[in-house]
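The values are calculated or read from the model by the stated rules, or taken from the named source; none is laboratory data. Since the structure is predicted, the reported quantities are computational estimates derived from the model, not experimental observations. Here the Cβ is made from the backbone with ideal geometry for all residues, glycine too, and neighbour counts use every protein chain on show. In case anyone asks, the SASA skips ligands and DNA or RNA and just uses the protein heavy atoms, side chains included. Shrake-Rupley method; radii C 1.70, N 1.55, O 1.52, S 1.80 Å.
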Amino acid sequence: MSHHDVIVIGAGPAGLSAASCLAEMGLDVLCLDEQAKIGGQIYRNIQDAPKDRCKVLGEDYDNGASIAKRFTDSKATYLDNVLVWQVESNGHVCYSRLGESKEVKANYIIAATGAMERPVPIPGWTLPGVMGAGAANNLYKEAGLTPEGRIVLAGSGPLLLLEASLLARKGINIEVILEITPTLPSPKAFPHAPKALVRSDFLWKGLSMIREIKNAKVPYYKGVSNIEASGKETLEKVTAQCGTKSLSFDADLLLLHFGVIPNTHIFRQIGCELSWNVEQRYWFPETDAWGRTSCERIFAAGDGAKVSGAVAAKYKGEIAALEVARCSGILSADERGLFAEPLLKGVRHDHWPRPFVDQLYAPRPDQFVFAEDTIICRCENISVKDIQKMVNEGVSELNEMKCITRAGMGPCQGRMCGPAMAEVIAWQTKNSPDKAGLMNIRPPIKPIPLEEVAAMELASDEAPGKNWLLDKK
Amino acid sequence: MYKLDTSTKNENVEVILDGRSVSLPSGMSIAAALMGTGKIISRISPTSGKPCSPHCLMGVCFECMMEIDGVQRQACMTEIRSGMKINRHLEKENNNESS
Amino acid sequence: MKTADIIIIGGGLSGSAIGLGLIKKGVSKVLLFDEQRPTQRLSRGNFGLTWFMCKGADHPVYAQWSRLACKQWPEYASMLEEETGYNVELDWTGGAVQAFGEDEFKAHQENIENLKTVCADVGLDYPVSMLDREAFSDLIPEMTLGDDVSGAMYTTEQGHVNPLRLLGAMRCAFQKQGGTFIGGKSVYAVVPQRDKTVVVKTGAGDFQAKKIIIASGHGSKRLMASLGETLNIYPQRGQLMVSQRCKRVLKVPVLSVRQTMDGTFLLGLSTEDTAMNNRVTADAMKSQASNAIRLFPELAKVNWLRAWGAIRVMTPDGAPIYTKVKGYDNIFAVALHSAVTLAPLATNIVAPWILGEAGHPLMSNFKNGRFNV
């Protein structure tokens, strides 16, 4: 079984920076990427995207090119199309690639598996024609696909507006933007406003985005609620409420976005401790300043550890790599500090506007009150009503809920329904969502065929190494 | 719902889709290739019996699960290759009906 | 202080089943406490077989007890569905244990003969027969048998069920008929009082009751110890795997592979000594997957979705413990594995026994003290 100094899981900005740094230091690093090409989500297809696409996506996407180049230049060992399905805290990793499963091990693991769009059920969200706004973004980056027909954007958060501005830039007609964020910003945001002003470039970017949308004359509603998608076999209509006004739009494509949350499945499968972010309403792996989780050999970096965006991810990936290099004996603590200094400076610089933006778009509990017939577990077709019935029968913990209703037992293992289920329980029991617990995540992190498991070569513990002295012939 | 950017020089590849030979754009995931050519239904849900379509396009939602070379996989996480046998089983109703 | 007639500590399969039985017997105030700790939800580790086959080879009473339970199952399932609307997915299609190769075939035959004798000695039949490969194949026409499957032992008089739905159903019936369920609160201590009542200290306050039943799985040991008796249980891990939903083709559950009503294949079931560690191991998963494919090669292409482990409550002789705590007339403890199979008996026999009714003659065999002889 192959043994590496470090295994980096994920090839987005955090993973690429971590792996590059480690390879440059001379460590044996193996980068495992679930996708076919490096870049993660934000820099999807960065190395092969045609020039005109890069131009449309702008400098935020283009920044990925240098990160990608550094990685390829570093000669870190890279494997694409790898499905990591089990990670143990002792550094063993099981993965599937090209129909075969293998076990490998490393002294340290940096998991940079990224984030996901917060799944917020609305009536009709399982209809073909309803997707995440990030999904449309991914299709453009990966394949140059652009949406057509009557397009509605709904939800909240900077990425919703980013996607809207991208579509506007490409001259795509948007029917309407339905934002659930109230017209008047939360007063909690104002104390953070001065800090945000430090990064005038960031604010300028935000304002140009909004201007682009305005210039395209896209109808725009704020303080919207009760968003619903309807149609027979595919999406036909989107309705919503804005104050006293009832809105209705014929639509072919509804792009939903309600913010971004860490995709924590890998950390839960390993058994790392997680904490609840009260303001942003998401779970995240507990880490120290270097990204080390509660499991000594496991590090977390990037949006999977804390949602802070691509630039912070790039720095945090490398910061984790420096600590791993120190633990591996390559760097002294002084050197680590020296190299970390500019990175930490970069993190601080990037961070200025975040508290302000985070507060502007902070999720509110009333956003998570769902109509009872809404499907909450898409895989198993369980409705909000089914969850509420169980809460009435005394069940208030997510695993118990899963066991009895089957919600969370489908292939997505609770990725799409877990957060919303916790909110339903929270609303009914008048507790915060974290009191509902977290669904246990067991291997495989994603499904793999039984024949692969059956055929796997397993590591027997430490086959004795060759002894050159005694083996001399 | 989505249109392919005709300026990109992706060559097409031949695959067997639902038993028939079909030409699809290459250099992208199966999900993207299908979405870009108007084939938006990825499977019939075994629990609701309703048609499903890719939702997240990043390997989280599992709505794009389909049979790819004999095994159920996420179409958005699988790069399209020439000669692949892809079956969405769209003619099936509820998979778990006991006969 | 809040009072009750009976308090049950532990709302798992056994506690809930007994609670239901007490309510049906007309006890007016029954409180069922369940902590809802995910690692202690042992019903997750139950394969869901409602079986008597293979049980009690060296314990005729256990063989009788399991058989009795199976006989009561169909009516129990209907009762639950009628009273709560929950379909516990009881599939009364018998059960089989496969044999690979000639040696295993012979060993199974001997096992059947042995149990026939053991059962005959206590006046019981043992309606299990040995099927050769062809007969086994005819039994499950939609499955293809692996090359070295030589046959299977088989009976028609048992089935399989959804353990977790069962739990939901029993608790629902309990509450519908007047029981009080308190979920998510811990029970810290059981404190017997001078006036022969018992005070139970919990996360929801103190409660006083006339009778207490300790049914908290591994947590029972601690509560028993505080009352001066050692509960003779030990932990035993079982690992299971489940597949994605498939078209329903396997109608007869086999010991290590069954297809549930929702189409998923359940594979298992290991037996390991790992104290309270309930993690899954790669070699158990590999061996279960290999075994399943060896039995039914078409499972090779089916996706494995999840594996998990649960820690059974095991007793030294494998049979249940239904006992009065030494020195107390009103404090009881129950501890057992196979709580799914035995659920009807918990409701129909154990609950009345707790109320002081004459009880089934077999009940006296399940005292905790029997291991001290």
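A compact table of results
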{"read-out": "From C:97, C:27, C:122, residue being over 30 Å from residue C:207 (Cβ atoms) and touching a Leu at 6+ places or on another chain (Cβ under 8 Å)", "value": "C:97"}
{"read-out": "Residue B:15 vs. criteria assigned to a strand (DSSP E or B) and open to solvent by less than 10 Å² (accessible area, probe 1.4 Å)", "value": "yes"}
{"read-out": "Set B:61, B:76: member being surrounded by 22 or more Cβ atoms within 10 Å (Cβ to Cβ), modelled with pLDDT of 95 or more and either facing chain A (nearest Cβ under 7 Å) or farther than 24 Å from residue A:415 by Cβ (or both)", "value": "B:61"}
{"read-out": "Subset of the stretch A:50-96 that is among the charged types (D, E, K, R), over 30 Å from residue C:280 (Cα atoms) and touching a residue at least 60 places away in the same chain (Cβ under 8 Å) - its residue that is most open to solvent (accessible area, probe 1.4 Å)", "value": "A:60"}
{"read-out": "Qualifying positions in the stretch C:283-308 - more than 7 Å from chain A (Cβ to nearest Cβ) and without any contact (Cβ under 8 Å) to a residue 60 or more places away in the chain", "value": "C:284, C:287, C:288, C:291"}
{"read-out": "Evaluation of residue A:47 against (1) within 14 Å of chain B (Cβ to nearest Cβ); (2) surrounded by 17 or more Cβ atoms within 10 Å (Cβ to Cβ); (3) assigned to a loop (DSSP other than H, G, I, E, B) (one fails), failing number", "value": "(2)"}
{"read-out": "Test: residue in the stretch A:398-413 that is within 26 Å of residue C:33 (Cβ to Cβ), acidic (Asp, Glu), within 11 Å of another protein chain (Cβ to nearest Cβ) and surrounded by 24 or more Cβ atoms within 10 Å (Cβ to Cβ)", "value": "yes"}
{"read-out": "Which numbered condition residue C:290 fails, given (1) more than 18 Å from residue C:89 (Cβ to Cβ); (2) under 23 Å from the mean Cα position of the chain (by Cα)", "value": "(2)"}
{"read-out": "Given (1) open to solvent by less than 10 Å² (accessible area, probe 1.4 Å); (2) closer than 28 Å to residue C:249 by Cα, number of the condition residue C:354 does not satisfy", "value": "(2)"}
{"read-out": "Members of the stretch A:66-90 that are of a type in the set (A, V, I, L, M), assigned to a helix (DSSP H, G or I) and under 13 Å from residue A:37 (Cβ atoms)", "value": "A:68"}
{"read-out": "Filter result (in a strand (DSSP E or B) and either open to solvent by less than 10 Å² (accessible area, probe 1.4 Å) or basic (Lys, Arg) (or both)) within the stretch B:79-92", "value": "B:85, B:86"}
{"read-out": "Residue that is most open to solvent (accessible area, probe 1.4 Å) [pool: residues in the stretch A:133-158 that are away from every other protein chain (no Cβ under 13 Å) and not in a strand (DSSP E or B)]", "value": "A:158"}
{"read-out": "So residue A:305, is it within 24 Å of residue A:280 (Cα to Cα), among the hydrophobic types (A, V, I, L, M, F, W, C) and modelled with pLDDT of 95 or more", "value": "yes"}
{"read-out": "Conditions (1) part of a strand (DSSP E or B); (2) within 14 Å of chain B (Cβ to nearest Cβ); (3) in contact (Cβ under 8 Å) with a residue 40 or more places away in the chain: number failed by residue C:265", "value": "(3)"}
{"read-out": "Single residue of the stretch C:317-344 satisfying the filter (assigned to a loop (DSSP other than H, G, I, E, B) and more than 16 Å from the chain's Cα centre (by Cα)) that is nearest to residue C:236 (Cα to Cα)", "value": "C:325"}
{"read-out": "Members of the stretch A:107-117 found to be surrounded by 24 or more Cβ atoms within 10 Å (Cβ to Cβ) and more than 8 Å from chain B (Cβ to nearest Cβ), listed by number", "value": "A:108, A:109, A:110, A:111, A:112, A:113, A:114, A:115"}
{"read-out": "Where a residue in the stretch A:414-438 is closer than 20 Å to residue B:62 by Cα and in contact (Cβ under 8 Å) with a residue 60 or more places away in the chain and its partner, wherever it lies, is among the hydrophobic types (A, V, I, L, M, F, W, C) and surrounded by 17 or more Cβ atoms within 10 Å (Cβ to Cβ), with Cβ under 6 Å and at least six apart", "value": "A:415/B:60; A:416/B:61; A:417/A:376; A:417/A:377; A:417/A:407; A:420/A:376"}
{"read-out": "Residue A:96 vs. criteria within 22 Å of the chain's Cα centre (by Cα) and among the hydroxyl-bearing types (Ser, Thr, Tyr)", "value": "yes"}
{"read-out": "Unique residue being at pLDDT 95 or above and either open to solvent by less than 30 Å² (accessible area, probe 1.4 Å) or among the polar types (S, T, N, Q) (or both) when the list is C:134, C:89", "value": "C:89"}
{"read-out": "Residue ranges of strands (runs of 3 or more DSSP E) in the stretch C:125-227 with at least 3 members over 29 Å from residue C:21 (Cα atoms)", "value": "C:129-132, C:149-155"}
{"read-out": "Subset of the stretch A:382-397 that is within 8 Å of chain C (Cβ to nearest Cβ) and of a type in the set (Gly, Ala, Ser) - its residue that is most open to solvent (accessible area, probe 1.4 Å)", "value": "A:396"}
{"read-out": "Every pair of residues 6+ apart whose Cβ atoms lie under 9 Å, when the first sits in the stretch C:85-104 and is in contact (Cβ under 8 Å) with a residue 40 or more places away in the chain and closer than 14 Å to residue C:252 by Cα while the second is assigned to a helix (DSSP H, G or I) and of a type in the set (Asp, Glu)", "value": "C:90/C:81; C:98/C:104"}
{"read-out": "Among residues of the stretch A:283-339, those that are open to solvent by less than 10 Å² (accessible area, probe 1.4 Å) and aromatic (Phe, Trp, Tyr), counted", "value": "1"}
{"read-out": "Test set (1) in a helix (DSSP H, G or I); (2) in contact (Cβ under 8 Å) with a residue 60 or more places away in the chain; (3) open to solvent by less than 50 Å² (accessible area, probe 1.4 Å) - residue A:349 fails condition number", "value": "(3)"}
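Yes/no matrix, rows are residues, columns are (1) part of a helix (DSSP H, G or I); (2) within 30 Å of residue A:241 (Cβ to Cβ); (3) within 14 Å of chain B (Cβ to nearest Cβ); (4) open to solvent by 10 Å² or more (accessible area, probe 1.4 Å):
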| position | (1), (2), (3), (4) |
| --- | --- |
| A:125 | no, yes, yes, no |
| A:128 | no, yes, yes, no |
| A:160 | yes, yes, no, no |
| A:178 | no, yes, no, no |
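Every residue, every condition in (1) facing chain A (nearest Cβ under 7 Å); (2) open to solvent by less than 40 Å² (accessible area, probe 1.4 Å), yes or no:
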residue: B:11; (1), (2): no, no
residue: B:21; (1), (2): no, no
residue: B:24; (1), (2): no, yes
residue: B:35; (1), (2): yes, yes
residue: B:43; (1), (2): no, yes
residue: B:57; (1), (2): yes, yes
